[in-house]
1. Taking the alpha carbon gyration tensor of region 89-141, what are the square roots of 5 times its eigenvalues, largest first, to the nearest whole Å?
2. Of all DSSP beta bridges located in the chain, what percent are antiparallel, nearest 5?
3. Could you let me know the centre-to-centre spacing of region 243-321 and region 82-146, using Cα atoms, in angstrom?
4. Starting with the fewest neighbours, write out THR243, THR139 ranked by other beta-carbon atoms found within 10 Å of each beta-carbon.
5. For region 1-84, which chymotrypsin sites (Phe, Trp or Tyr not before Pro) are both in a DSSP coil and crowded by at most 14 other Cβ atoms within 10 Å?
6. Report the extension gain between ASP214 and LEU22 in nm, rounded to one decimal, defined as 0.36 nm multiplied by the number of residues separating them, less their alpha carbon distance.
7. What size of dipole, in debye to the nearest 20, comes out for the chain about its Cα centre when the only charges are +1 on Lys and Arg C-beta atoms and -1 on Asp and Glu C-beta atoms?
8. So if R0 is 25 Å, what FRET efficiency would TYR159 and MET1 give, r being the distance between their Cβ atoms, rounded to the nearest 0.05?
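We did not get these values from a lab; they are worked out from the coordinates using the rules stated. Predicted model only: the values in this text are computed from it and were never measured. When we count neighbours, we look across all protein chains shown, and the Cβ atoms used for this are built from the backbone with ideal geometry, even at glycine.
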Amino acid sequence: MKTILVTGGAGYIGSHTVHLLLENNYNVLIIDNFDNGVQKNIPENVKFYQIDLRNISDIRKVFSENQIDAVVHFSGYIEAGESMADPYKFYNNNTFAGLNLLKVMIEHNVKKIVFSSTAAVYGEPEENPITENSKKIPTNFYGSSKLMFENILDSFEVYGMKNICLRYFNACGAAFGLGEEHKPETHLIPLVLDVALGKREHIKIFGTDYQTLDGTCIRDYIHVLDLAKAHVLALKHLEEKNTSLKLNVGTGKGFSVKEIIDKCREVTGHPIPAIESSRRDGDPTTLVASAEKIKDIFNWESQEDLNSIISSAWEWHKKTF
Ligand SMILES: NC(=O)c1ccc[n+]([C@@H]2O[C@H](COP(=O)([O-])OP(=O)(O)OC[C@H]3O[C@@H](n4cnc5c(N)ncnc54)[C@H](O)[C@@H]3O)[C@@H](O)[C@H]2O)c1
């Protein structure tokens, strides 16, 4: 049985992936500092270290106490807007702390890593769908911190380390009794569902004058369960082929902000009042993944649709309210 270290395993995507790894008979260890993750997301039978990756001596302790075969690295800060106000915070956690992790991996001869990258590495794309070869000019420091770490991973090939960078588009939905919870929440679907629950009075739409059919931004929404499956396949690829890859993880389909709100109205039966507001800086009009490469290499395709995304998220939000 292979042992996988999951950093950020108490967070949203990490915890879903941990559950799927256990179902696939991996032995799992989790590191999380509970900046955003929560204890209840950690299965009882899983060994857990509440440590911060910015502290290299704590990472060394985890590697000294365990025989680790590969790492799945989710931990980091995720809010692009915040990165524009506090770049140090993002480079320190998303880049420097990751470098600590890589150093200890090399010291312990652990040379396989799956990394949570992001569509934000592409910035404002020249084309949609976006392929892995599209230009990478991030428009925020969050995207830069992630792209920088991708480049560091490539440098670590010198040590024989292989990486799979999964560039997620908009993660959403819920499974395994877990769900999406960020502090503060900035993602569209949980915010819209908060209105249906009465936790917010309305949802704000940032920009209704984009060059899209209804004037609102278009994004590629990918169910967290589909994302988790991509990680299991990435680990199998590293075990069997041991080659590095950069892969988009999206559906290849886009939905506008208004379409998402309408779908939430349909699923929840709530009118969900929306207020139209001006554009936010740095929001690209359309971000849709080309999912061809991951389909070719892993035979992976998203299985869930928008209905299952919103319904699963709604079930979870109602339970945790
Ligand atoms: N949610 C999305 O739509 C999305 C899209 C693209 C990429 N990503 C990337 O996926 C990863 C996971 O995202 P998420 O939505 O699950 O976020 P999340 O905040 O729920 O999970 C991140 C986890 O990392 C932990 N963490 C943060 N800094 C740490 C540190 N220094 N040491 C130890 N633990 C630390 C947090 O406590 C949290 O549990 C992130 O790296 C994010 O950039 C997410």
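1. 28, 15, 6
2. Details: 2 of 40 bridges.
Just about 5 percent of them are antiparallel.
3. Region 243-321 and region 82-146 have Cα centres separated by 21 Å.
4. Fewest to most other Cβ atoms nearby, the residues stand as THR243, THR139.
5. Of the chymotrypsin sites (Phe, Trp or Tyr not before Pro), the ones in loops of region 1-84 whose Cβ has at most 14 other Cβ atoms within 10 Å are PHE34.
6. Numbers: separation 192, 0.36 × 192 = 69.12 nm, distance 4.25 nm.
Extra length available between ASP214 and LEU22 comes to 64.9 nm.
7. 600
8. 0.45
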